[in-house]
Amino acid sequence: MAKRVKALVLMTSPLDKIVHALRVMESIKRRKPELEITWVARRVYEPLVAAFDFVDHTITFRRSEALIHSVRLLKQIRKVRYDYVMDLEGYARTGAMCFFAKANRKIGLRSAREGATICYRELVGEAEVDGRHLIEQLQAFATVFGLAAEMPVELNLAPTNASSPFSQKASHSPFVCLFPGRFKSARAWPGMIDLACWLVETRPEFQVYLVGVVPFEVKRKLPDRVYDLQGKQDWLEICNLVKEAELVVANDNGPAQLADALGCPNLTLYSYVSPEMRGSYPLDSERCSSLMAPRGDVSQLEEALVHAEVEKLLSL
């Protein structure tokens, strides 16, 4: 058995960036199975990272809490001497984690911001990203291991005995997952509940699940076959549900990119984030679609356009 090689991965948030980083690191570990990956992620996303079978350990980063938690985080990071520390996030906070970590090699992006590059011993990638997709930027870390970039594949979840009563196998019905919520609620498309009602009205065989860890307030009675699961599932349950869905529709905060990584058709409604740099990948995949709100105002995104994209994806 090959000697285990310890690698610390720094990518704490947001969700879409974490998903893209997971796909890149899975590609590396699949070809370098001796890697033992420890991942630092924000508390809200740590259970998601832990849900994937190639991640061996996780460390929780509590961004908004007291200084003492930062000290504890650095102590936890310094408990182990790593062969590699890789800062995929590339900001001051993860640069500091890299600086204080014990490691033979400390690697970061040449395009890192907030002065983070001074915390690295090695730089990868280009200084100017020129609108390149995040996955293509992060693939530069493969060169650290003498590997070429490759097209990411679907991610595998860690084995579990848990089952959801809302899965297709349990319900015997196809379903769509909608993620109505967003941390910045002003950027959440307000038409999600109307979309759910339209789906069950036009497709009597379908069920619709409202899903997510960021709840969107539902102010009216939902029709039959629309179920509000927001805040009632952990990340592993959400991932298992998404894997079986016919379609995921979400705002531009990452759930659609998670769906793509799990092999599910997806539609992202963009208000702010660039789909060219952070959208589902590859950008020309027929199972992935996106709509950009006019002038970044999601309230101006027409329901008819969303319905047309949903119909197209459900017909695949």
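The values are calculated or read from the model by the stated rules, or taken from the named source; none is laboratory data. This one's a predicted model, so the numbers in the text were calculated from it and none came from an experiment. For neighbour counting, all protein chains shown are included, and Cβ atoms are generated from backbone atoms with ideal geometry for every residue, glycine included.
Tallying residues that are part of a loop (DSSP other than H, G, I, E, B) and buried (at least 24 other Cβ atoms within 10 Å of the Cβ) within region 1-22 yields 2. Among helices (runs of 4 or more DSSP H) entirely within region 23-130, having at least 1 residues that are among the aliphatic types (A, V, I, L, M), closer than 30 Å to T160 by Cα and within 22 Å of the chain's Cα centre (by Cα) singles out 46-50.
Taking into account only those residues within region 204-216 that are in contact (Cβ under 8 Å) with a residue 12 or more places away in the chain and over 23 Å from the mean Cα position of the chain (by Cα), which is surrounded by the most Cβ atoms within 10 Å (Cβ to Cβ)? This residue is Q207.
Determine which member of the set D87, D130, D83 is acidic (D, E) and surrounded by 22 or more Cβ atoms within 10 Å (Cβ to Cβ). Checking each option against the conditions leaves just D87. Of all the criteria given as (1) modelled with pLDDT under 95; (2) more than 16 Å from the chain's Cα centre (by Cα); (3) assigned to a loop (DSSP other than H, G, I, E, B), the one not satisfied by D224 is (1).
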